[in-house]
Amino acid sequence: MKGDKDMANNEREEVQVEKIEISPAVEWEQARAAIEQLRLILDSEVEYLANSDDIRNAYSPITWVKLCRQIRHVTEGMTAVRLATEGKSTPVIGAMTGIHPARIGAFRAWNTRWRKAIKHYLTIQWRKREERMADIAFLRSIGIAVEGDSVTSEVGA
């Protein structure tokens, strides 16, 4: 019992909330490189799905539904933001794509109100140091500039 309690306390001490300082812009050359890498990975997986008889054994119905919903969400967001930046209105985007207007509004809001939300959104909470460092490395890899090599830490309660 006491050993379990000590182990839980030690794990709690390792868990922290990180307040990440980021630049107000995306480093687009790094982002383009990340996009290309993601495209190659996605192309490879789509190729597998399209041409492999093993797909029947690869996914459970729950995993398949979850992955398809995530991919649909990502592609809807990309489409909605692209069409909005081309000057299309929410009703026009909805008519063109079938995306519900509330979802289009949410994508537009994320794209225009990011400065207020980003500090909260990029706070890495309740993670161990190696996980937090991996998250910071990921942010940098996709073009989000994390200021300095250190971040402000607060012990989570």
key: Some residue of the range 25-44 being more than 20 Å from ALA109 (Cα to Cα), open to solvent by 80 Å² or more (accessible area, probe 1.4 Å) and in contact with an Asp or Glu (Cβ under 8 Å, 6 or more places away or on another chain)   = no
query = What pairs can you find where one residue is in the range 17-33 and assigned to a loop (DSSP other than H, G, I, E, B), the other is open to solvent by less than 40 Å² (accessible area, probe 1.4 Å) and at pLDDT 80 or above, and their Cβ atoms are less than 6 Å apart, with a gap of 6+ or different chains?
reply = GLU27/GLY143
key: Sole exception among (1) farther than 27 Å from ILE144 by Cα; (2) within 21 Å of the chain's Cα centre (by Cα); (3) at pLDDT 90 or above for LYS88, by number   = (2)
inquiry  = What pairs come out if I take residues in the range 89-104 that are open to solvent by 50 Å² or more (accessible area, probe 1.4 Å) and pair them with residues that are in a helix (DSSP H, G or I) whose C-beta lies under 6 Å away, six or more apart or interchain?
reply    = THR97/THR79; PRO101/THR90; PRO101/GLY94
Selection status of VAL17, surrounded by 13 or more Cβ atoms within 10 Å (Cβ to Cβ), under 26 Å from PHE107 (Cβ atoms), in contact with a Gly (Cβ under 6 Å, 6 or more places away or on another chain) and at pLDDT below 90 = no
inquiry  = Quick test of your reading of the structure: ILE136 fulfils all but one of (1) surrounded by 14 or more Cβ atoms within 10 Å (Cβ to Cβ); (2) modelled with pLDDT of 75 or more; (3) more than 21 Å from ALA34 (Cβ to Cβ). Name the failing condition by number.
reply    = (3)
message = Exactly one of these conditions fails for SER150: (1) at pLDDT below 95; (2) open to solvent by less than 80 Å² (accessible area, probe 1.4 Å). Give me its number.
response = (2)
Residues satisfying the stated conditions in the range 51-63, i.e. among the hydrophobic types (A, V, I, L, M, F, W, C) and either open to solvent by 100 Å² or more (accessible area, probe 1.4 Å) or out of contact with any helix residue (DSSP H, G or I) (no Cβ under 9 Å at 6 or more places or on another chain) (or both) = ILE62
inquiry  = Residue under question is GLU29, and the condition is that it be under 25 Å from ALA145 (Cα atoms) and modelled with pLDDT of 90 or more; does it hold?
reply    = yes
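The values are calculated or read from the model by the stated rules, or taken from the named source; none is laboratory data. The shown structure was predicted, so the numbers you read here are calculated from the model rather than taken from an experiment. Positions of Cβ are backbone-derived with ideal geometry, glycine not excepted, and every protein chain shown enters the neighbour counts. Areas reflect the complete protein model, heavy atoms only, side chains present, ligands, DNA and RNA absent. Shrake-Rupley method; radii C 1.70, N 1.55, O 1.52, S 1.80 Å.
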